[in-house]
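Single-structure report; data block below.
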Amino acid sequence: MPSADLLLQAVVSGILAGGVYSLVAVSLALVFGVMRVLNFAHGDLLMIAMYGVVVLNREFGLSPYVAALVILPLMGLLGMLLFQFLIKPVLGSSPLTQAQLTIGLSFVIQSLLLIVFGADLLNTNTSFGDLSYHFHGVVIGVPQLIGFVVSLLVCGLLSAFLTMTEIGHRIRATSQDPTMAWLCGVDIKRTQLMVFAGCIAILAIPAGCLMTFSYVTPSTGIRLSLLSLLVVVLGGLGDLRGAFVGGLIIGLVESLAAALLNNPASPSLTYLVFGAALLFRPKGLFGRGSNA
Amino acid sequence: MSRMLRVSNMTAGYGTLPVLRGVDLEVTTGEVVAVLGTNGAGKSTLLRCLAGLLPFSGEAAFLDLTIKGSAPHVIARRGFIQVPEARHIFPDLTVLENLLVGGTALPKRSDRLRVLDDVFALFPILAQRRSQQAGTMSGGQQQMLAIGRALMGKPKLLALDEPSLGLAPLIVLELYEALRRLIDTGLTVLLVEQDVSVALKIANRACILEGGRVVLQGSAAELRNSPHVREQYFGA
Amino acid sequence: MSAVLSRFDRQLVVWIAVIALATALLLAFSGPYTISIAVGLFTWMYLCVAWNMIGGIVGQVSFGHAAFFGIGGYVSTYLATSYGISPWAGMFVGGTIAAVAAAAVGYLPFRWNLSPLVFALLTLAFAYVLEFGVGGIRALGGTNGLYAKTIGTSFWDFRFVEPGAFLVVIAVMLCLLLLVVSVIYTGRTGFFWRAVHDNQAAASAMGLNPFSIKQRAFVLSAFATALAGSFQAQFVGFIDPVSMFGIEITIFILLFTVIGGAGTLIGPLLGPALLFPVGESIRVYLQDHGGGALHHMLYGVVLVAVILLWPGGIVAGLSRFGVSRGRLRLPKPAVAPQRSPAAVATTGPENILQVRGLRKAFGGLIAVKDATFDVKRGEIFGVIGPNGAGKTTLFSMLGGFARPTSGTIVFEGRETQTLAPFEVCRLGLARTFQIAQPFASLSVREVVAAAALAQDDLDDPVAFADGIIAQMALSARCDVKSADLTLAEQRRLEIARALATRPRLILLDEILGGLTPREADEAIENIRRIREIGVTVLVIEHMVRAVMALCDRIFVLDAGEPISLGTPEEVRRDKRVIEAYLGGSA
C-alpha cells in the first residue's frame, strides 16, 4: 500500500493533468455538439500543434506559450480546411462512417509526422521546465500548475462566451436543434465552420502547456485522441460541463492507478472505468449528453 | 393587396416516394390561409419544402425570393418564418435566449431588443419566465415561446404547423386568442392544421390537401358548408 | 449435390479458385520473401472476412477485434511454451476463450440494445484493457512479450522451416472461412443478419431475436479472428502486447474492409488484395532508401478518399460493372403459388385480446391512461383519436415495443406486457409500421421470405411467402427493392410481411394515411380479405371515414384517455367523441 504522501501527490498530479485534458475534451465536446461528428483525430490535431510548438521553440527560441499563440491562427486555418473538405461531406452520415473517416485522418497525420520528424521523442527547451513548489511533501511543478490554470481560464472564457453572447446562444441553439436554429435564421453551415475552426485553434493552448513539461512522438496523437474521446463519452456526448469534470476524473484515475498499481497494467484501469461508464451512464456523468 | 407566397405545381417526396404531387397555393398580404388534411396528406412536407429544408420540383416564390435553392436561413431572414410541428424550442436555453436566437433573422441588435418588448407584451408569461430553462415549461407555454421566437424575426409571413397539437382544449383557445390578436395587427399567416373546425374559425381561406394534391379550396365559409369536408372530416 | 452447390455464391467459388491458384504459383515460382508477404496478405484477407461478419453484415462495428486476435495468439503460445500443448489445439482453445470473451463484451450492449457507437467504443476499451493488462502479467512475458516454442519440427509443433508451409495453412484457413461465411450468407441466417442490419425494429416484428442474432455473429467473428491470432504467433515466432492487441491491427482490418466494401461478400477480400501489395512494395522500396511510413499514409488517404467518393467501398464503385455484393438467392417458385395461404386456426378464447387498465407515463406526462377493451376473435377493431391522443403509444405497447407503466395485456390467455417484440410476434400477434420502407437492401420477395423463414414450423417458407405476395398483389413487383415501391405498395408489403409470420391477430398502424381515395378503398378491401382468412384485425387510424366504414367496433382515445367504445353508429353519436375529436362545434 503506497503511503499517504504518495497518494496525495497522485491526487494533485492527477488533477493538474486533468485540467489540460478538460480543455482538450471541452473543445471536442463542442465540435460533437454542433456538428454531431465524433472526431477520432482530435488528439492528432493537438499533436500537430505540439510539433508546431517544438519547431518554433527549437528554430526560433520562442517560449512554448508564445509559440502557442503564433500557432493558434494557423490551427484555425487548418480547421477550416479540414471542415470544408472532410467534415462537411459527412455531416449527417452515420456516426460510424464519420468515425471511420476521422480514424483515416488520424492515420494520415500520424504517418505524415513520422515521415517528417521521425519516431524520436521531442521536447522543448525552457528556463522554467524544472521549477517546482514543495508543499508538505507534495511536489507541484510550475509548468504543470501554469498549464492547469491556463486551461481552467480558457474553459471559463469559453463558457462565458457561450452563455453571455448572442453568438454563443446561436451556437448552443445549433447544438441542441440544428434544423430549428436554421429555421430561426442562423446560418448553421457557417456556424459549424467557425466552431470547428475555433475548436481546432484552441488546441494550440493545451499544446503549448503540454510541451512545457512533456514530450511528443508521432504516437502521442492517437493516445490523446482516445483519451479525449473517453473523457467526452464519460462526460456525456455534447455536454461541456460533463467533459470538463470528465477530464479531471480521467486525470485522477490515471494518476491514482499508476500510483496504486505501480505496474505496466495500470492504464487498463482507466479503460475499465470507461467501459463501465459507457454501459451504466450512456448519457454521461450528468445524464445530459445525447445518447452515444 | 399584393401576392406574398406563390406555389405552383410543387412535387416532392422522400426517396422515390412522392408525397406532394403538384400542389398550387397562393397567399396574399394580410390573409390567413389554412392548409387542412389528415395525417400523411403532405402538409408538413409542404412546409419543409417552403422552408428550404427539402428539395422539390415546380416553382415557389416568397415576395421576390425564389425558394428553390435558397437555404433556410436566407428564407427566414427575408421574413418567412415557421413555427414547426411539436414546437422544437431549445430546451437547455432560457426563455430569453430562445427569443434572442429567434431574433437572428434581424441584423440589428437594437431592432431585436425592440421586437423583444413587443413579444413580451403579447405573451406576458414569457416576460415573467425570461430566465427559466425553456425545457422545464409546460406544453402551452412552450408553444407560446415557439410563436414568440418566430415573431422575434419580424416575419412578413408566419407559418404555423399544427399549433394545437397535444395541447389541452383550454390552452388551444388561449393560443388562438393570441393568434387572433396577431392577425389583427395585419400579420399574414399560413396555418397548417388537422383540427378543421378550429382552423376554419380563424382563416379567411383554406385548401384541403389529400394524397399530396389540393382537392378543394375556397373561403372558410365555403369549406365549412362543403359536403366533402363534412363527410371526410366531420364523419357526418 | 446441386442443392448444396447452389448455396455457394458463384463469385466465391471464383475467389477460392484464385486463392488456390495463387498459392500454387507462389509455391512453385517465388522466393521465401514474396511468400511471406503473401502470408501477410492472406492473413489480412482472413481477418477482414471475419470482422465483416459482425461489422459489415450485421452492422455492429467492432473497434476492438485486436483483442480477439491477441487472445488467440497469447493462449496458443502460452499453452505451448508452458504446458507443451500443440499450438493446433491451443488455437481452438484460444478461439473458444475469445468466443466467450465476445459473448461477455457483447452481452450488455446487445441485451440493452445500446447504440452501435456504444458497442464500438466498448470493444475499443476492451482491447486496451487487454493490451495494458497483459503487459502487466509476468507469466505472459509482460511488455517484453513471449517467444513461440522453437523446439520440435513435427507438424504438431506448428513450426515450419519453409514459409511456404505457412502459406498453405493460411490459404486453407481463408478458404474454409469463406466457405463458412458463404453458407451463412446464402442461408436463413444470412437473411436474418441482414434484416437486423437494415432495421432492427422491423426484424423483431418478424419474430427475430436481435440480441441472439448479434451475439452469435459477434461470437463467431471473434472465434475466427482468434484462430488467425494463433496462426500469426506461430508464423512470426514472437508476440508482445502491442503487436497482438495494438489498435493498429483493428485500424488495418477496418480500413481494408471499408475500402473494399463493408457488408459485402467480396469487399473484405478486395480491400487487402488491392492495397496491401502496393503498400508493402512502397514500404520495402523506402526501407532501402531511408525508410518511412509512406505506406501507412497511403492507406489513410485511400480510406478517406473512398469514404468521401464511394461510401459503399470499391465494391459499390464496381457494382456498375455487374459485380454484386454477393447476395443470397432464393429458389425460383417451383409451382404456381397458392392463391391464398392456408386459413388460420380460429379456435381459442372468444376474446383474442384483453387489455386491462393499460397506462403509459413518460415522466409526468400520461400518454395512455387506463385503456381497457377486448378484441373479439374474427372482428375488425378500430382505435381512433386525434394526433397526440396516445394511439401510437398504445400500439407500441401491444406489440411489445414499449413497456406499460401499469395494466395488463392478455393475448389468447397469455400476459404479454413484459415480453419482447419478437416474443409477442412468435405468439401470433404481428404488426405493421407506419413508415413502410424498413429493409433497404432486401427486395419485396426477400422481405416476405425472411419473415416466413423466421417461422420454424413451415414446410416450404418460400412458397408460403410467394402465396402471400400474390395475395397482396405484389407478384409483379417481387424483385424490386422495397424502397422503390409506391406508398400504396409499401403498405401492402408491410401487411404481407406481417402475414408471413402467420399471426392470429394483426395490428395495422395508420395504413391509409397519405393514400389517394381510390388507393384507400383498395386497402380497405384488402383488410376485409385478411379477416376472411381468419385473422383478427386491429387498426389504428386517423381517417375517421375509413374506420367508420371498415370496423365492427371502435375505441376512441383523446389526450391519452379512453372516451368511447362501441359500434361505428354508437361512436358517431357519442357526444364526447363529437366534442373531443371533431373540435366541439362541427
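Key figures
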{"quantity": "Hits in segment B:94-122 - residues which are more than 20 Å from B:Thr185 (Cα to Cα), within 10 Å of another protein chain (Cβ to nearest Cβ) and either among the hydroxyl-bearing types (Ser, Thr, Tyr) or surrounded by fewer than 22 Cβ atoms within 10 Å (Cβ to Cβ) (or both)", "calculated": "B:Thr94, B:Leu96, B:Thr104, B:Pro107, B:Arg109"}
{"quantity": "Close pairs from segment A:203-219: first open to solvent by 20 Å² or more (accessible area, probe 1.4 Å), partner assigned to a loop (DSSP other than H, G, I, E, B), Cβ under 6 Å, at least 6 apart", "calculated": "A:Tyr215/A:Leu121; A:Tyr215/A:Asn123"}
{"quantity": "Qualifying residue in segment A:284-291 (condition: more than 10 Å from every other protein chain (Cβ to nearest Cβ), touching a residue at least 12 places away in the same chain (Cβ under 8 Å), closer than 23 Å to A:Pro178 by Cβ and assigned to a helix (DSSP H, G or I))", "calculated": "no"}
{"quantity": "Filtered residue count, segment C:214-260, keeping only those that are among the acidic types (Asp, Glu) and assigned to a helix (DSSP H, G or I)", "calculated": "1"}
{"quantity": "Options A:Leu272, A:Leu237; residue that is farther than 30 Å from A:Asn123 by Cα and open to solvent by less than 20 Å² (accessible area, probe 1.4 Å)", "calculated": "A:Leu237"}
{"quantity": "Single residue of C:Ala470, C:Ala430 found to be open to solvent by less than 20 Å² (accessible area, probe 1.4 Å) and in a strand (DSSP E or B)", "calculated": "C:Ala430"}
{"quantity": "Residue check, A:Ser106 small (Gly, Ala, Ser) and without any contact (Cβ under 8 Å) to a residue 24 or more places away in the chain", "calculated": "no"}
{"quantity": "Strands (runs of 3 or more DSSP E) contained in segment B:122-236 and holding at least 2 residues of a type in the set (Gly, Ala, Ser)", "calculated": "B:213-219"}
{"quantity": "Checklist (1) under 32 Å from the mean Cα position of the chain (by Cα); (2) surrounded by 19 or more Cβ atoms within 10 Å (Cβ to Cβ); (3) away from chain B (no Cβ under 14 Å); (4) at pLDDT below 90 applied to C:Ala371, failing item", "calculated": "(1)"}
{"quantity": "From the options A:Ser93, A:Ser111, residue that is more than 20 Å from the chain's Cα centre (by Cα) and either crowded, with 19+ Cβ neighbours inside 10 Å or of a type in the set (Lys, Arg) (or both)", "calculated": "A:Ser111"}
{"quantity": "Qualifying residue in segment C:78-87 (condition: open to solvent by less than 30 Å² (accessible area, probe 1.4 Å) and closer than 25 Å to C:Val196 by Cα)", "calculated": "no"}
{"quantity": "Inter-residue pairs, beta-carbon under 6 Å, first farther than 19 Å from B:His228 by Cα and part of a strand (DSSP E or B) and in segment C:565-586, second modelled with pLDDT of 85 or more and open to solvent by less than 40 Å² (accessible area, probe 1.4 Å), 6+ apart", "calculated": "C:Leu565/C:Phe373; C:Leu565/C:Phe555"}
{"quantity": "Identity of the residue in segment B:172-197, of a type in the set (Val, Ile, Thr) and within 11 Å of another protein chain (Cβ to nearest Cβ), that ends up nearest to B:Val119 (Cα to Cα)", "calculated": "B:Val172"}
{"quantity": "Check on A:Thr102, among the β-branched types (Val, Ile, Thr), in a helix (DSSP H, G or I) and closer than 30 Å to C:Leu114 by Cα", "calculated": "yes"}
{"quantity": "Scope segment B:137-154; condition at pLDDT 85 or above, within 11 Å of another protein chain (Cβ to nearest Cβ) and over 11 Å from B:Val83 (Cα atoms); matching residues", "calculated": "B:Met152, B:Gly153, B:Lys154"}
{"quantity": "3 or more residues at pLDDT 85 or above: qualifying helices (runs of 4 or more DSSP H) within segment C:262-364", "calculated": "C:267-288, C:294-309"}
{"quantity": "Pick from segment C:475-497, criterion open to solvent by 60 Å² or more (accessible area, probe 1.4 Å) and more than 19 Å from C:Arg529 (Cβ to Cβ), ranking: nearest to the other protein chains (Cβ to nearest Cβ)", "calculated": "C:Asp484"}
{"quantity": "Test for B:Gly135: is it among the small types (Gly, Ala, Ser) and surrounded by fewer than 18 Cβ atoms within 10 Å (Cβ to Cβ)", "calculated": "yes"}
{"quantity": "One residue from A:Gly198, A:Gly147, A:Gly168 being among the small types (Gly, Ala, Ser), in a helix (DSSP H, G or I), within 14 Å of chain B (Cβ to nearest Cβ) and buried (at least 16 other Cβ atoms within 10 Å of the Cβ)", "calculated": "A:Gly168"}
{"quantity": "Boolean, C:Ser443 is at pLDDT 80 or above, polar (S, T, N, Q) and open to solvent by less than 30 Å² (accessible area, probe 1.4 Å)", "calculated": "yes"}
{"quantity": "Single unsatisfied condition, C:Glu350 versus (1) away from every other protein chain (no Cβ under 14 Å); (2) closer than 25 Å to C:Gly560 by Cα", "calculated": "(2)"}
{"quantity": "Helices (runs of 4 or more DSSP H) lying entirely in segment C:1-118 (those with 1 or more residues that are touching a Ser or Thr at 6+ places or on another chain (Cβ under 9 Å) and touching a residue at least 24 places away in the same chain (Cβ under 8 Å))", "calculated": "C:10-29, C:32-52, C:65-83, C:87-111"}
{"quantity": "Residue identified as farther than 25 Å from B:Ser8 by Cβ, of a type in the set (Lys, Arg) and open to solvent by less than 50 Å² (accessible area, probe 1.4 Å) among B:Arg224, B:Arg149", "calculated": "B:Arg149"}
{"quantity": "Members of segment A:69-94 found to be free of Cβ contacts under 8 Å to residues at least 60 places away in the same chain, out of contact with any Ser or Thr (no Cβ under 9 Å at 6 or more places or on another chain) and within 14 Å of chain C (Cβ to nearest Cβ), listed by number", "calculated": "A:Leu81, A:Phe85, A:Pro89, A:Gly92, A:Ser93, A:Ser94"}
{"quantity": "Output for segment C:142-187, where each listed residue is of a type in the set (Gly, Ala, Ser), open to solvent by 20 Å² or more (accessible area, probe 1.4 Å) and not in a helix (DSSP H, G or I)", "calculated": "C:Gly152, C:Ser154"}
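So that you can scan it fast, the table gives a plain yes or no per residue for (1) surrounded by fewer than 18 Cβ atoms within 10 Å (Cβ to Cβ); (2) outside the structural domain of C:Leu505 (by TED's automatic domain parsing); (3) polar (S, T, N, Q):
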site	(1), (2), (3)
C:Gly357	yes, no, no
C:Gly363	yes, no, no
C:Gly378	yes, no, no
C:Phe381	no, no, no
C:Ile384	no, no, no
C:Ala389	no, no, no
C:Thr393	no, no, yes
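One line per residue, one yes/no per condition, for (1) within 14 Å of chain B (Cβ to nearest Cβ); (2) within 30 Å of B:Gly153 (Cβ to Cβ); (3) not aromatic (Phe, Trp, Tyr):
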position	(1), (2), (3)
A:Val116	no, no, yes
A:Thr126	no, no, yes
A:Tyr133	no, no, no
A:Gly141	no, no, yes
A:Val154	no, no, yes
A:Arg172	yes, yes, yes
A:Lys189	yes, yes, yes
A:Leu193	yes, yes, yes
A:Pro218	no, no, yes
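The values are calculated or read from the model by the stated rules, or taken from the named source; none is laboratory data. Keep in mind the model is a prediction, meaning the values are calculated, not measured. Note: ideal-geometry Cβ built from the backbone for every residue, glycine included; neighbour counts use all protein chains shown. Each accessible area value is taken on the protein alone, full model and side chains, heavy atoms only, with ligands, DNA and RNA left out. Shrake-Rupley method; radii C 1.70, N 1.55, O 1.52, S 1.80 Å.
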